[in-house]
Amino acid sequence: MRISARADYAVRAALQLAASQEDGPLKAEAIAEAQDIPHKFLEGILNDMRRGGLVLSRRGLNGGYRLARPAGAISIADVIRVVDGPLVSVRGVRPPDLSYTGPAQALLPLWIALRANVREILDGVSLAEVAASDLPAEVSALTRTPGAWTNP
């Protein structure tokens, strides 16, 4: 699975908003500076997040962006789906829409299992948990498995 720059920036922007929920709306410039995200690129991402119902925006002197729901009610998967679409696809196709024959037949259940695991992790972690550095125990345990931090 590959996390696009767009998805990474969107999650980071959402986390910045989650960490600032009590402080009122944040300007895009402030988010971009805090997270080292190109401002123009971030504007497009924030617009997608607004259209997707994840953030609200307000114009004016006291305007800016804020989360549309509490950070605990927004999963990391919610953010990624809004800016990038499905979490797992093969050649741009969702796994249930694929079919294979012969020795490749077992690929379909493998892709479905992969999608189920990705969903379990990304749907199971909220912005509030990441912003508070309080990942679920199951997710933290995965980071301690042999080889988790190395590239094969």
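If you check V88 against the conditions, is it closer than 25 Å to E129 by Cα, assigned to a helix (DSSP H, G or I) and either open to solvent by less than 30 Å² (accessible area, probe 1.4 Å) or at pLDDT 95 or above (or both)?
Values: closer than 25 Å to E129 by Cα: yes; assigned to a helix (DSSP H, G or I): no; either open to solvent by less than 30 Å² (accessible area, probe 1.4 Å) or at pLDDT 95 or above (or both): yes.
The answer is no for V88.
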(request) Go through (1) assigned to a helix (DSSP H, G or I); (2) more than 14 Å from D84 (Cβ to Cβ) one by one and return the number of the condition M49 breaks. (result) (2)
(message) Need the failing condition index for I37 against (1) among the aliphatic types (A, V, I, L, M); (2) more than 19 Å from A131 (Cα to Cα); (3) surrounded by 15 or more Cβ atoms within 10 Å (Cβ to Cβ), just the number.
(response) (2)
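I'm trying to understand the selection: among the residues of segment 118-141, which are open to solvent by 90 Å² or more (accessible area, probe 1.4 Å) and either over 17 Å from A71 (Cβ atoms) or in contact with a Pro (Cβ under 9 Å, 6 or more places away or on another chain) (or both)?
Start the filter on segment 118-141 by keeping residues that are open to solvent by 90 Å² or more (accessible area, probe 1.4 Å), which leaves 119-120, 133-134, 138.
R119, E120, E138 - these are the residues of segment 118-141 that are open to solvent by 90 Å² or more (accessible area, probe 1.4 Å) and either over 17 Å from A71 (Cβ atoms) or in contact with a Pro (Cβ under 9 Å, 6 or more places away or on another chain) (or both).
Table: residues versus (1) free of Cβ contacts under 8 Å to residues at least 12 places away in the same chain; (2) β-branched (V, I, T).
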position: L98; (1), (2): no, no
position: G102; (1), (2): yes, no
position: L107; (1), (2): yes, no
position: R115; (1), (2): no, no
position: I121; (1), (2): no, yes
position: V125; (1), (2): no, yes
position: A128; (1), (2): no, no
position: S133; (1), (2): yes, no
position: L142; (1), (2): no, no
(request) For A106, state whether it is loosely packed, with under 12 Cβ neighbours inside 10 Å and modelled with pLDDT under 95. (result) yes
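For segment 5-34, give me the residue count where each residue is closer than 28 Å to P95 by Cβ and either of a type outside the set (G, A, S) or open to solvent by less than 20 Å² (accessible area, probe 1.4 Å) (or both). Walk me through how you get there before you give the answer.
Applying the first criterion (closer than 28 Å to P95 by Cβ) to segment 5-34 yields 5-12, 14.
Going one step further and asking which of them are either of a type outside the set (G, A, S) or open to solvent by less than 20 Å² (accessible area, probe 1.4 Å) (or both), we end up with 6-12, 14.
Total satisfying the criteria: 8.
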(request) List the number of the failed condition for L61; all other conditions in (1) modelled with pLDDT of 95 or more; (2) surrounded by fewer than 19 Cβ atoms within 10 Å (Cβ to Cβ); (3) part of a loop (DSSP other than H, G, I, E, B) hold. (result) (1)
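The values are calculated or read from the model by the stated rules, or taken from the named source; none is laboratory data. Please read all numbers here as calculations on a predicted model, not as lab measurements. FYI the Cβ positions are ideal-geometry reconstructions off the backbone, even for glycines, and counts take in every protein chain you see. For accessibility, only protein heavy atoms count, side chains too; no ligands or nucleic acids. Shrake-Rupley method; radii C 1.70, N 1.55, O 1.52, S 1.80 Å.
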